[in-house]
Every structure is written in structure tokens, then in C-alpha cells.
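Notes follow once the structure below has been shown.
Bear in mind these aren't lab numbers, they're just calculated from the coordinates by the rules spelled out. Here the structure is a predicted model, which means the values were calculated and not measured. Heads up, the Cβs are rebuilt from the backbone with ideal geometry, glycines too, and the neighbour counts pull from every protein chain shown.
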Amino acid sequence: MFATFALMHYEVEVIIPKALDDTTRRFLDAVQRSANRLVRFSGDSASIKLTVEVCGMRREDAVRAAVGEVARMFPNSNDEEYGEPRQT
């Protein structure tokens with residue numbers, strides 16, 4: 001008997017309490033072009049919402065991986081809100 005499993009693809013939204021200004025927007029545009037894990041971003045004067053793609057992990061690990069990816073982009077941020085992983 002063989003066990004089969006499918007690799008899961010999730011999108012996780014991570015919100016950081018930092019204003020999305022022109023400098024940050026240009027930085028995230030460059031990150032999005034060079035790192036295929038950043039799917040999209042949006043924000044305002046209070047926070048930035050980043051959507052990160054996570055592949056081949058369990059649901060619980062997807063959030064941890066997405067937060068780690070954002071922490072590498074913004075090492076000094078204190079992430080307060082994490083979205084629920086969505087299958088893609």
C-alpha cells in the first residue's frame with residue numbers, strides 16, 4: 001500500500017504596523033520582482049499587508065514560514081497580525 005499526499009500551496013497575509021510610503025513601495029516592488037514568494041502587497045499610512053505564498057507545508061507551518069519571510073524583508077518590524085492560510 002502506498003501513501004499519497006499532495007503538496008499544498010497557501011497564501012498567508014501578514015500585517016506589519018509600518019506606513020507604506022514611496023520608499024517602502026519601491027523596496028517591495030523590487031522584492032516582488034526578485035522573490036517569487038511575495039504575491040502582492042497593499043497598505044496605507046498605518047500598516048502594510050503582505051501576501052506571501054508558501055508551498056509544500058502543513059497549514060500550521062505555513063504561517064510560521066510566511067512570518068519568517070516577512071521578517072527577512074523587514075527585520076526590525078514587530079508583526080502583530082497574521083492571516084489565516086488560504087489554499088491556492
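What number comes out for the charge environment of Asp29, summing +1 per Lys or Arg and -1 per Asp or Glu over other residues with Cβ under 12 Å away? Value of the local net charge: +3. Between Gln32 and Arg64, the simple label model (points 7 Å from Cα in the Cβ direction) yields a spacing of 2.9 nm.
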